[in-house]
Amino acid sequence: MQQTFYKYQGTGNDFVMIDNRQQTFDKNNTKHVASLCDRRFGIGADGLILLENHDDLDFKMVYYNADGNESSMCGNGGRCLVAFAKQLGVIKDKAAFEAIDGLHHATIDGDIVKLQMVDVDTVEKHENHVFLDTGSPHHVQFENQIESFDIKTEGSKIRYGTPYNEAGSNVNFVKKISDQIFTVRTYERGVEDETLSCGTGATAVALAMHAINETKENLITLRVPGGKLQVSFEVENGLYKNVWLIGPAKLVFKGAV
């Protein structure tokens, strides 16, 4: 039986989207998920996302990394799923949905999707890096030679190194442009390579830069290889709350496999 799919991208972070409200997709077949995400022998994507029914909310998000394994939260994927839900007629201009890290709210206006991320109450400050979880774990460190830096090689060393080990962490390299603007490049676990953008990574960088006093702003612009994202937030007694990831989400094409 043919499976209809949609391809979406948010600042170059691309996803295979499938409407699984009728439970027609085999969620246990990790090899099939990986083959669909393969850029040579499949559709090609950083991940695959299923839109499913939810008893109380607009829909449920089920996210798989490009390696075929179900993974932690994907910010850009969540934004793209909101655009997909609107395209399907599931929502109009706002959404409430469940992801692996809990409840998310979102709004959509044209191509711009604003996604509320989880609150963050712990930011670990180390000598040369910051670690925090924004729905997915993120290592954040400065790199002034960011344009020429070997993200894949150096990111993989950190991703598998101590203290992250087998569970791993996403790794973000950051260059400060101004108090409001930071350049970011991200190595994503599960993709095992640099991606053109990472939503939870952009969120992590914005909060980390505020936590270590590199900025006092609460609306940060993140320049990523695939475009531009923004993150807004509030801080209260060390708790980062009302965190929003803002950026474009666009349909690339529709097909069947």
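Anything in the stretch 191-210 that is in a loop (DSSP other than H, G, I, E, B) and either aliphatic (A, V, I, L, M) or crowded, with 24+ Cβ neighbours inside 10 Å (or both)? List them, or say none. Step through it out loud before you land on a result.
Going through the stretch 191-210, the residues in a loop (DSSP other than H, G, I, E, B) turn out to be 191-192, 196-198.
Hits for the stretch 191-210 are Val191, Leu196, Ser197, Cys198.
Take the residues in the stretch 62-105 that are within 14 Å of the chain's Cα centre (by Cα) and part of a strand (DSSP E or B); name whichever of them is surrounded by the fewest Cβ atoms within 10 Å (Cβ to Cβ). Give the steps one after another, and end with the answer.
The initial filter retains those residues of the stretch 62-105 that are within 14 Å of the chain's Cα centre (by Cα), namely 62-66, 70-82, 99-101, 104.
Right, trim to part of a strand (DSSP E or B) and you get 62-65, 70, 99, 104.
Values: Val62: 18, Tyr63: 21, Tyr64: 25, Asn65: 24, Glu70: 15, Ala99: 22, His104: 24.
Residue satisfying both the conditions and the ranking: Glu70.
Among the residues of the stretch 223-257, count how many are buried (at least 21 other Cβ atoms within 10 Å of the Cβ) and closer than 26 Å to Cys37 by Cα.
Total satisfying the criteria: 5.
Does Asn172 satisfy the criteria of being more than 20 Å from Phe15 (Cα to Cα), surrounded by fewer than 16 Cβ atoms within 10 Å (Cβ to Cβ) and out of contact with any Phe, Trp or Tyr (no Cβ under 7 Å at 6 or more places or on another chain)? Before you say what the answer is, go through the steps one by one.
Values: more than 20 Å from Phe15 (Cα to Cα): yes; surrounded by fewer than 16 Cβ atoms within 10 Å (Cβ to Cβ): no; out of contact with any Phe, Trp or Tyr (no Cβ under 7 Å at 6 or more places or on another chain): yes.
For Asn172, the condition - more than 20 Å from Phe15 (Cα to Cα), surrounded by fewer than 16 Cβ atoms within 10 Å (Cβ to Cβ) and out of contact with any Phe, Trp or Tyr (no Cβ under 7 Å at 6 or more places or on another chain) - is not met.
Regarding Gly168, is this residue at pLDDT below 95 and either farther than 20 Å from Phe233 by Cβ or among the acidic types (Asp, Glu) (or both)? If you could, list the steps in order and put the result at the bottom.
Values: at pLDDT below 95: yes; either farther than 20 Å from Phe233 by Cβ or among the acidic types (Asp, Glu) (or both): yes.
Yes; evaluated as a whole, the condition is true for this residue.
Kindly check whether there is at least one residue in the stretch 243-251 that is under 18 Å from the mean Cα position of the chain (by Cα), among the small types (Gly, Ala, Ser) and farther than 24 Å from His126 by Cβ. Can you show your working first?
To start, the set of residues in the stretch 243-251 that are under 18 Å from the mean Cα position of the chain (by Cα) comprises 243-251.
Those left that are additionally among the small types (Gly, Ala, Ser): 247, 249.
Cutting the leftovers down to farther than 24 Å from His126 by Cβ gives us 247, 249.
Yes, the stretch 243-251 has at least one match.
The values are calculated or read from the model by the stated rules, or taken from the named source; none is laboratory data. This structure is a prediction, so every number in the text was calculated from the model and none was measured. Cβ sites come from the backbone with ideal geometry, for glycine too, and all protein chains shown count toward neighbours.
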